[in-house]
Amino acid sequence: MKLSRTIAIAAFAGATLVMATGCSVARKQETVGEYIDGSAVTTAVKAKLAEDKETSASSINVKTMDGGIVQLSGFAKSQMEKDRAGQLARGVKGVTEVRNSLIVKQ
């Protein structure tokens, strides 16, 4: 079950990457290389969250900005889940900083 969820998230992220690359580059927001690097980091972070049984990847949004800065947003069930998501994101190759903006639901 976990593996199929991980594969589905990775496939969705890959499809999003392919469709959105042209839009981002056409608006001169970032180069193709920067966009692909950021998308690869985002995909890797989402996969780590999906693989981990202590985090709910479906409730956590991941965005990678210039320079490998990862922004986590959405909701966590506990402070422990919030901390774990940040820890997992920091462990992904290419991540230079994690901005953990997850909101803990009470």
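Annotations
- In segment 45-66, of all residues being among the polar types (S, T, N, Q) and part of a helix (DSSP H, G or I), the one that is nearest to Gln79 (Cα to Cα) corresponds to Ser59.
- Restricting attention to segment 84-101 and to residues that are assigned to a helix (DSSP H, G or I) and surrounded by fewer than 16 Cβ atoms within 10 Å (Cβ to Cβ), the residue that is nearest to the chain's Cα centre (by Cα) turns out to be Arg90.
- For segment 75-90, the condition holds for no residue, the condition being that it is in contact with a Gly (Cβ under 7 Å, 6 or more places away or on another chain) and within 26 Å of Ser4 (Cβ to Cβ).
- Odd one out for Lys77 among (1) over 13 Å from Gly38 (Cα atoms); (2) basic (Lys, Arg); (3) within 13 Å of the chain's Cα centre (by Cα): (3)
- Subset of segment 52-64 that is aliphatic (A, V, I, L, M) and out of contact with any Gly (no Cβ under 7 Å at 6 or more places or on another chain) - its residue that is surrounded by the most Cβ atoms within 10 Å (Cβ to Cβ): Val62
- For the criterion of being modelled with pLDDT under 95, buried (at least 16 other Cβ atoms within 10 Å of the Cβ) and in a strand (DSSP E or B), Thr42 fails.
The values are calculated or read from the model by the stated rules, or taken from the named source; none is laboratory data. Computed from a predicted structure; not experimentally measured. Note that each Cβ is placed from the backbone with ideal geometry, even for glycine, and that neighbours are counted across all protein chains shown.
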